[in-house]
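The values are calculated or read from the model by the stated rules, or taken from the named source; none is laboratory data. All values derive from a computational prediction rather than experimental measurement. When we count neighbours, we look across all protein chains shown, and the Cβ atoms used for this are built from the backbone with ideal geometry, even at glycine.
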Amino acid sequence: MESNFFPSRTLTLYLAKLFVSRVLAILVMLVLVLQMLDLLSESGDILAVKGNGEAQLWYYVSLRMPQLIARFLPYSVLLATLLTFWPLNQNSEVIAMRAAGLSAHQILAPLMLAAAVVALTSFAFNERFLTRANAGMKAWQAAGWGPIPKEKSARTNVYLRDGPNILLVGSLTGYGAGSGDKVVMENVTWYRRNAEMMVVAEIHAPRATYAAPGWKLEQATEFDVENTSSKVLGSPVIAESVTPGQVAISSVDADAESLFQLNRSINAMKAAGRRTSELEGKWWHKITGPLAALLMPLLGSVVAFGLARSGQLLVRGIIGAALGFAYFVIDNAALAIGNFGGYPPLIAAWTPFLLFLLVGETVLIRTEE
């Protein structure tokens, strides 16, 4: 048996089915509970909008559920690993496998194979469903849970630099049309700043269109910070240095774009001389994120080995859970540091995975010895 990486076909199917069934059960439980709690917290705001009803609540669930599945799938794999190996160890099934000549790696191999399938499924799910759910949720939130723009290229919460000034756009459509007169901004706020970069005035308008140059506001109002007074401006033109091309580049949302779409956006921003380290980090994380499912069985396998009657099974379970949750903490921290330019995007995305891969393999080898 030592010459084969996998144990017998019967044992491989037994361990894989045991593991996958627990992954699905834990994932369904987590998603349903968290979805109900989240819906309870948001349903009041959704139903407060005139015209919203049960259909809008179900629409919210359809957008929120893919986000919850993508977020908690790796945690489900970790918990499923612990709940698979814990009873196997407690019932001395692992001891029987070792007595039959199986190594620790052979016992773990069926779970790693199933986890690899889960990781591939997670990647496909993120590319197909999660990106659309993220785009739809952000657009709906920007619209205040009201009617959202029907255009597929809509973007929300876009920040633009106009010299020392800042232009904040709640919702943006038409930027991909290649024509400035088709770009429409909604819920626009322009912050005018002085030489000390302090905000001296705030101009708000529900809508703005390209005026070549600048952006023409509709029904604009101005708030003077120093005098704490407001006045109606009508239809002024602001941000003359902001072009439709800059709008298209600045409206990139990594969470709402697939791997290939984001790659094209990054290349366009590089051609324009813009900083892309944050987007590159998220591009790599679209690959390393699903791979977390492949790492969890290795980190949680510490609970599988060691005698249950020694009284250390609970301690091993806590160690396995701690290793898994520590990976998620370090992964998020590395990604945040990479976004600020502390690490190159490639290192920020891959270092946590490779580090914990070595840690898990080291623990497994020491266990086997």
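So if I check each of LEU47, LEU68, which one is in the same structural domain as GLY320 (by TED's automatic domain parsing) and out of contact with any Asp or Glu (no Cβ under 8 Å at 6 or more places or on another chain)? Quick ask: steps written out before the conclusion?
On the way: LEU68 fails: out of contact with any Asp or Glu (no Cβ under 8 Å at 6 or more places or on another chain).
None of the others qualify; the one that does is LEU47.
Here's the yes/no breakdown for (1) over 20 Å from VAL158 (Cα atoms); (2) at pLDDT 80 or above; (3) charged (D, E, K, R):
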site	(1), (2), (3)
TRP215	no, yes, no
PHE223	yes, yes, no
VAL252	no, no, no
ALA256	no, yes, no
Condition check for GLU202: in contact with a Phe, Trp or Tyr (Cβ under 9 Å, 6 or more places away or on another chain) and either basic (Lys, Arg) or within 19 Å of ARG161 (Cα to Cα) (or both): yes
Helices (runs of 4 or more DSSP H) within the stretch 38-145 that include 3 or more residues touching a residue at least 40 places away in the same chain (Cβ under 8 Å) and touching a Ser or Thr at 6+ places or on another chain (Cβ under 9 Å): 54-90, 104-125, 131-142
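Residue-wise test of (1) more than 30 Å from LYS50 (Cα to Cα); (2) touching a Pro at 6+ places or on another chain (Cβ under 6 Å); (3) modelled with pLDDT under 80.
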{"site": "LEU111", "(1), (2), (3)": "yes, yes, no"}
{"site": "ALA114", "(1), (2), (3)": "yes, no, no"}
{"site": "ALA119", "(1), (2), (3)": "yes, yes, no"}
{"site": "GLU127", "(1), (2), (3)": "yes, no, no"}
{"site": "MET137", "(1), (2), (3)": "no, no, no"}
{"site": "VAL158", "(1), (2), (3)": "no, no, yes"}
{"site": "ILE166", "(1), (2), (3)": "yes, no, no"}
{"site": "VAL188", "(1), (2), (3)": "no, no, no"}
{"site": "VAL199", "(1), (2), (3)": "yes, no, no"}
